[in-house]
Amino acid sequence: MLRLLFHTQVSLGLGQAAAVAVLAILVARFAARRGANIGKEIPLVLLRGLVQILLVGLLIAALLRGPWWTGIPVLAAMIFIASTIVRRRVPELPGAYTLSLLCMCAGAGGVLTVMTLLGIVEPKIIILIPVGSMVIAQNMNIQSLFLNRFLGEVRSHRGEIESALALGAAADRAAEPYLRASFHASLIPATDNLRSLGIVWIPGMMAGMVLSGSSPVYAALYQFIILGMIFTAGGISCLTATYLAPRRIFTPQQQLRPLS
Amino acid sequence: MSNFMNTDVLQAVRLSRTLDLASGPKCLLRDVSFRLEQGQILAVLGPSGAGKSTLLRMLNRLDEPTDGTILFHGKDYREMDTRHLRRRIGMVMQHAYLFPGTSAENVRYGPAQHGDGLADTQVSELMRHVGMAGYEDRDVANLSGGEAQRVSIARALANQPEVLLLDEPTSALDDASKQDIERLLVSLVRERNTTCVWVTHDVSQAKRVADLVLKLEGGQAAGLGTPQELLDA
Ligand SMILES: Nc1ncnc2c1ncn2[C@@H]1O[C@H](COP(=O)(O)OP(=O)(O)OP(=O)(O)O)[C@@H](O)[C@H]1O
Ligand SMILES: [Mg+2]
């Protein structure tokens with residue numbers, strides 16, 4: 001029906017986006033009435049997402065004419081921005097920005113570099129940016145989940161942690177059960193994506209490749225590779241965090257900081 | 001008395017702690033001093049919010065003094081390794097805060113942090129001392145409040161601390177366990193000649209257990225002396 005109202009592809013797209021946004025806002029209203037604390041944020045978040053992705057579309061259109069290495073600063077900028085978003089999830093954690101940045105450089109940054117050097121990710125803008133951004137975005141989610149869960153665990157187990165310290169435990173050791181729980185929890189979505197791949201979920205990238213004429217078998221393999229990269233990047237970044245995060249919540253005298 | 005003759009195990013010297021809050025500085029404890037010889041029990045009394053836990057946490061160095069210090073056997077405790085200090089100055093909190101697992105695993109935790117393993121007989125011995133013989137393999141999730149507190153006392157004693165800090169160890173318990181745990185603690189502490197700082201808000205408990213009493217009010221010392229001097233008014 002929308003096709004009758006909108007003639008060009010872009011205006012059609014805008015109309016479709018508006019329809020989706022209206023639906024999302026309705027859902028948020030409903031949720032707000034039920035007491036969920038998301039209602040007010042949603043229109044702004046939607047608008048922001050739309051503007052961002054549109055700008056990126058324009059940017060990619062421009063970049064596609066440039067050499068492949070222009071992808072590197074673009075992906076680096078994404079990691080920097082992703083770190084500010086992670087920090088916003090855990091404002092009480094001292095040094096959360098640097099921590100996330102280091103972790104995601106090791107995770108998404110390391111994995112993308114190695115995969116490009118191995119030739120698995122082709123050094124072409126049209127591959128580098130979409131694949132890279134998928135890995136970085138998922139790494140960001142995993143990193144947020146990890147730190148959020150870790151802080152929550154620490155807050156609800158202050159007594160246990162300080163009891164361990166009072167018995168002479170090293171700070172890392174006192175925090176270990178909660179690091180382990182957070183590591184596990186933060187990788188659940190990525191693990192479930194791998195588990196359900198192709199059965200519950202046919203990811204967008206694969207759909208896109210098939211639509212644009214690639215062999216479905218190659219598209220399937222490539223999708224598997226991407227999920228594998230997401231999992232590996234997330235694993236590396238959280239593993240890095242298990243070493244770095246305790247240093248942010250304890251003082252050098254092995255005292256648990258207030259964190260509020 | 002010269003430093004050479006000083007037999008004090010624990011000495012607080014004008015101990016203070018001030019927080020830098022967004023609303024301005026907040027003084028939790030100001031200029032609190034006392035000295036304890038080996039085997040003495042100091043009861044710290046005071047209303048809620050007086051700074052009793054703040055004082056105790058600083059003695060275990062869970063919080064940092066912002067002014068003043070603590071001398072442990074005459075030595076500034078900030079010059080000591082924190083983990084080593086915490087092994088020698090043990091702490092029992094208001095709640096047991098046991099680690100998931102069995103009672104025995106909890107008792108073994110402290111020594112294991114310092115590279116020492118306890119033999120089964122040592123664990124049983126400790127459990128017997130706190131009246132929990134035969135509970136070694138019990139999952140701590142299934143213990144009553146009083147039983148859990150006993151295990152947490154055994155866990156603290158496993159480190160063989162020279163000083164034991166008790167933060168209202170009986171206040172979360174019902175009346176019967178309250179008396180039992182109080183008697184248990186007094187006999188354990190006396191038997192081992194352990195120096196003890198015992199926070200309580202119960203004046204009669206302080207009279208029963210203490211050699212010395214420190215009264216705190218609004219973060220400041222409002223009296224230091226024997227129970228007779230301070231509590232028999
Ligand atoms: N991190 C903190 N931020 C702000 N205020 C604090 C903080 N920690 C402690 N306080 C305040 O310091 C004061 C002393 O607290 P403390 O826990 O030492 O009291 P207490 O004597 O142990 O009381 P209770 O008998 O209730 O356990 C209280 O007014 C408390 O609100
Ligand atoms: Mg208290």
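Tabulated values for the structure
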{"item": "Residue within region B:171-186 that is among the β-branched types (V, I, T) and within 16 Å of ligand 2 (Cβ to nearest atom) present", "result": "no"}
{"item": "Scan of region B:77-97 for residues that are assigned to a loop (DSSP other than H, G, I, E, B) and not polar (S, T, N, Q), ordered by number", "result": "B:M80, B:D81, B:M93, B:H95, B:A96, B:Y97"}
{"item": "Filter result for the condition that a residue is farther than 18 Å from A:E162 by Cα, touching a helix residue (DSSP H, G or I) at 6+ places or on another chain (Cβ under 6 Å) and within 16 Å of ligand 2 (Cβ to nearest atom), over B:L45, B:L118, B:L62, B:L126", "result": "B:L45"}
{"item": "Qualifying residue in region B:98-118 (condition: away from ligand 1 (no atom under 13 Å from the Cβ), more than 9 Å from chain A (Cβ to nearest Cβ), touching a residue at least 40 places away in the same chain (Cβ under 8 Å) and assigned to a strand (DSSP E or B))", "result": "no"}
{"item": "All positions within region B:67-97 that are within 11 Å of chain A (Cβ to nearest Cβ), in contact with an Asp or Glu (Cβ under 7 Å, 6 or more places away or on another chain) and surrounded by fewer than 20 Cβ atoms within 10 Å (Cβ to Cβ)", "result": "B:R88, B:Q94"}
{"item": "Pair list, Cβ under 9 Å, 6 or more apart: region A:233-260 residue farther than 16 Å from A:E176 by Cα and more than 16 Å from ligand 2 (Cβ to nearest atom), other residue assigned to a helix (DSSP H, G or I) and aromatic (F, W, Y)", "result": "A:G234/A:F146; A:G235/A:F183; A:S237/A:F146"}
{"item": "For B:G39: the one exception among (1) of a type in the set (G, A, S); (2) over 17 Å from the mean Cα position of the chain (by Cα); (3) away from ligand 1 (no atom under 16 Å from the Cβ)", "result": "(2)"}
{"item": "Output for region B:151-168, where each listed residue is buried (at least 23 other Cβ atoms within 10 Å of the Cβ), away from ligand 2 (no atom under 16 Å from the Cβ) and part of a strand (DSSP E or B)", "result": "B:L164"}
{"item": "Inter-residue pairs, beta-carbon under 9 Å, first assigned to a loop (DSSP other than H, G, I, E, B) and in region B:181-205, second more than 16 Å from ligand 1 (Cβ to nearest atom) and of a type in the set (A, V, I, L, M, F, W, C), 6+ apart", "result": "B:T194/B:I41; B:T194/B:L157; B:T194/B:V163; B:T194/B:L164; B:T194/B:L188; B:T200/B:V209; B:T200/B:A210"}
{"item": "All positions within region B:119-134 that are assigned to a loop (DSSP other than H, G, I, E, B) and closer than 27 Å to A:D172 by Cα", "result": "B:A119"}
{"item": "Verdict on B:E37 being more than 9 Å from chain A (Cβ to nearest Cβ) and within 30 Å of B:P227 (Cβ to Cβ)", "result": "yes"}
{"item": "Matching helices (runs of 4 or more DSSP H) fully within region A:138-199 where at least 2 residues are away from chain B (no Cβ under 11 Å)", "result": "A:171-186, A:188-195"}
{"item": "Residue under evaluation B:G49, criteria (1) closer than 21 Å to B:E162 by Cα; (2) at pLDDT below 95; (3) within 16 Å of ligand 1 (Cβ to nearest atom), criterion not met", "result": "(1)"}
{"item": "Those residues of region B:188-203 which are more than 22 Å from B:H95 (Cβ to Cβ) and either within 16 Å of ligand 1 (Cβ to nearest atom) or touching a helix residue (DSSP H, G or I) at 6+ places or on another chain (Cβ under 9 Å) (or both), in sequence order", "result": "B:E191, B:R192, B:T195, B:V203"}
{"item": "Residue ID - nearest to ligand 2 (Cβ to nearest atom), chosen from residues in region B:11-34 that are within 14 Å of chain A (Cβ to nearest Cβ) and among the hydrophobic types (A, V, I, L, M, F, W, C)", "result": "B:L28"}
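Each row is one residue, and each column tells you yes or no for (1) crowded, with 22+ Cβ neighbours inside 10 Å; (2) at negative phi.
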{"position": "B:V189", "(1), (2)": "no, yes"}
{"position": "B:N193", "(1), (2)": "no, no"}
{"position": "B:C196", "(1), (2)": "yes, yes"}
{"position": "B:V199", "(1), (2)": "yes, yes"}
{"position": "B:A206", "(1), (2)": "yes, yes"}
{"position": "B:A210", "(1), (2)": "yes, yes"}
{"position": "B:K215", "(1), (2)": "no, yes"}
{"position": "B:L224", "(1), (2)": "no, yes"}
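Here is a yes/no grid of residues against (1) of a type outside the set (A, V, I, L, M, F, W, C); (2) surrounded by 12 or more Cβ atoms within 10 Å (Cβ to Cβ); (3) over 15 Å from the mean Cα position of the chain (by Cα):
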{"position": "A:L44", "(1), (2), (3)": "no, no, yes"}
{"position": "A:R65", "(1), (2), (3)": "yes, no, yes"}
{"position": "A:L75", "(1), (2), (3)": "no, yes, no"}
{"position": "A:I85", "(1), (2), (3)": "no, yes, no"}
{"position": "A:Y97", "(1), (2), (3)": "yes, yes, no"}
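The values are calculated or read from the model by the stated rules, or taken from the named source; none is laboratory data. These numbers were taken from a predicted model, which means no experiment stands behind them. Every residue, glycine among them, receives a Cβ derived from its backbone with ideal geometry; neighbour counts consider all protein chains shown.
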